[in-house]
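One structure below.
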Amino acid sequence: MQNNQNNPNAQNTNPQGFGGGFNQSFTNVMDPMAGVNPEDDMGDGVTAGEISKFVQNNTPYFMRVFNNIKNFSRGRFNFCAFLFSGGYLLYRKMYKIGAVITAVMILMWTAELYIHYCTPAGQHMIEIMENYYSSAANTTEAMSELYRSIGSMGYIDLLLLGLMYLFSVAQIVLRVVVGIFANRWYFNHCKTQVAKIKSTSENASDELQSKGGVNTAIAISFLVVYIVIEFIP
């Protein structure tokens, strides 16, 4: 234990954040703080031990990440946040930013689907692509016919199609941004909430347990809604 605290390299034995084999799993079981001293000041008058009580789920991963952010300003890409974006933030009880990002994602997704399936431009594009794939696709003649068909569309239709593809790319960009910054946002969220609980609660330890952790119900609800919408004809 003491060797882990004195050796900064011991805190980053699994740079990808998951996997890591038997040794890493054994270390996480024996040391949920991942080598971080519980008494270390993480900023805003909050200790690492208090943050770990608030995080509760997957504390070894987050304590390593938070320690690297604090000491080296080096974050880590969060793949779960990339895949689930706003839903992941809501799961981690970051309700304000999670709700905003979820709303933006839903609006862009809805706009993309509406243009694709409910406008003449989208229907025309579907017909063009169906004709392309049903013909001798990937030949020069088929490709030329595809370009001619798209070029014959009106400006309004082309604008709508451009917006459709823009919304699609914007969703990917937003997912990447969330993946890059989710751990930093969560670190700041934890510090803010723990400091607030310490200053207002007479029984801070119990309140850290009740207000921290994750919201499993909202995660399941989000996943069910996503699956339903994804498979609507």
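Considering amide H positions built from the backbone, and no H for Pro or chain starts, which residues 5 or more places from K93, or on another chain, come under 5 Å of its amide H?
Excluding prolines and chain starts, which carry no amide H, the hits are N215.
Between A195 and A170, what length comes free when the chain is fully extended (0.36 nm per residue of separation minus the Cα-Cα distance, one decimal in nm)?
On the way: separation 25, 0.36 × 25 = 9.00 nm, distance 3.52 nm.
That pair, A195 and A170, stretches by 5.5 nm at full extension.
When you count, for each residue, the other Cβ atoms within 10 Å and take the mean per peptide, how do 50-58, 66-74 rank with the highest first?
Details: 50-58: 20.2, 66-74: 16.3.
Going by the mean number of other Cβ atoms within 10 Å, highest first, we get 50-58, 66-74.
For D206, project a label point 7 Å along Cα to C-beta. Then give me every residue of segment 47-61 with its amide nitrogen under 17 Å of that point.
54
What FRET efficiency would be calculated for the residue pair N57, E127, taking the C-beta separation as r and a Förster radius of 45 Å, to the nearest 0.05?
That pair, N57 with E127, gives E of 0.40.
For K93, which lysines qualify as cross-link partners when the Cα separation must be under 16 Å and same-chain residues fewer than eight apart are set aside?
Those lysines meeting the cut-off are K53, K191, K196, K211.
Hey, could you grab the Kirkwood Rh for segment 150-207? Inverse mean 1/r over distinct alpha carbon pairs, Å, one decimal.
Evaluated over segment 150-207, this radius sits at 15.3 Å.
What ranking of M63, M33 comes out by heavy-atom accessible area, probe 1.4 Å, highest first? Display every interim value, and only then the final one.
Values: M63 0, M33 20 Å².
The most accessible residue leads, giving M33, M63.
Tell me which residues come under 5 Å, amide H to amide H, from T47 once H is placed; ignore anything under 5 positions away on its chain.
So T47 has HN proximity to M42.
The values are calculated or read from the model by the stated rules, or taken from the named source; none is laboratory data. These figures come from a predicted structure and were not determined experimentally. Methodologically, a virtual Cβ is constructed for each residue, glycine included, from the backbone with ideal geometry; neighbour enumeration extends over all protein chains shown. Areas reflect the complete protein model, heavy atoms only, side chains present, ligands, DNA and RNA absent. Shrake-Rupley method; radii C 1.70, N 1.55, O 1.52, S 1.80 Å.
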